[in-house]
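Here is the structure we will look at.
The values are calculated or read from the model by the stated rules, or taken from the named source; none is laboratory data. Values in this document were obtained by computation on a predicted structure and should not be read as measured data. For neighbour counting, all protein chains shown are included, and Cβ atoms are generated from backbone atoms with ideal geometry for every residue, glycine included. Accessible surface areas use protein heavy atoms only, side chains included; no ligands, DNA or RNA. Shrake-Rupley method; radii C 1.70, N 1.55, O 1.52, S 1.80 Å.
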Amino acid sequence: MSLQIYNTMARAKEVFVPQEPGKVKMYVCGPTVYGYMHIGNARPVIVFDMVRNYLEALGNEVSYLTNFTDVDDKMIRKAEEMNITVAEVAEMFIAAYQEDLIGLGVKPATMNPRVTESMDKIIEFIKELEEKGYAYENG
């Protein structure tokens with residue numbers, strides 16, 4: 001049994017082979033936490049939970065990271081509207097999001113880095129992916 005993934009850079013399907021045998025690292029962009037979960041947030045949660053489950057069924061150990069964007073113009077506006085801090089907005093809607101994940105029946109991510117705590121690492125990681133040819137600028 002194998003998994004084929006469409007490589008947008010090569011414009012072709014390729015057999016998925018983990019960089020490290022038996023171990024898969026998944027990073028999925030998470031929500032901007034200024035409001036309650038909606039279908040646009042739920043869809044990737046469900047889809048990538050299925051991908052993770054399939055990779056695990058193939059015998060892989062999966063490290064699944066999804067971030068919380070906890071700083072953004074929409075969050076600043078929401079904080080002003082609610083008369084609380086941006087950090088309080090983030091805490092409130094992260095808690096609600098995590099409750100919704102339970103309701104959807106998906107496993108929680110291995111880690112949930114926050115943009116405000118990870119900005120330098122995010123920039124460094126993207127540069128590294130580009131240098132290795134795993135990411136590319138589109139547009």
Next on the checklist: Return the residues of segment 89-116 that are without any contact (Cβ under 8 Å) to a residue 12 or more places away in the chain and open to solvent by 90 Å² or more (accessible area, probe 1.4 Å); say none if nothing qualifies.
Outcome noted: Glu91, Glu99, Ile102, Pro108
Next on the checklist: Quick check on segment 9-33: of everything there that is in contact (Cβ under 8 Å) with a residue 24 or more places away in the chain and open to solvent by 70 Å² or more (accessible area, probe 1.4 Å), which residue is farthest from Leu104 (Cα to Cα)?
Outcome noted: Met9
Checklist entry - Is it the case that Asn67 is polar (S, T, N, Q), closer than 30 Å to Glu20 by Cα and open to solvent by less than 50 Å² (accessible area, probe 1.4 Å)? => result yes
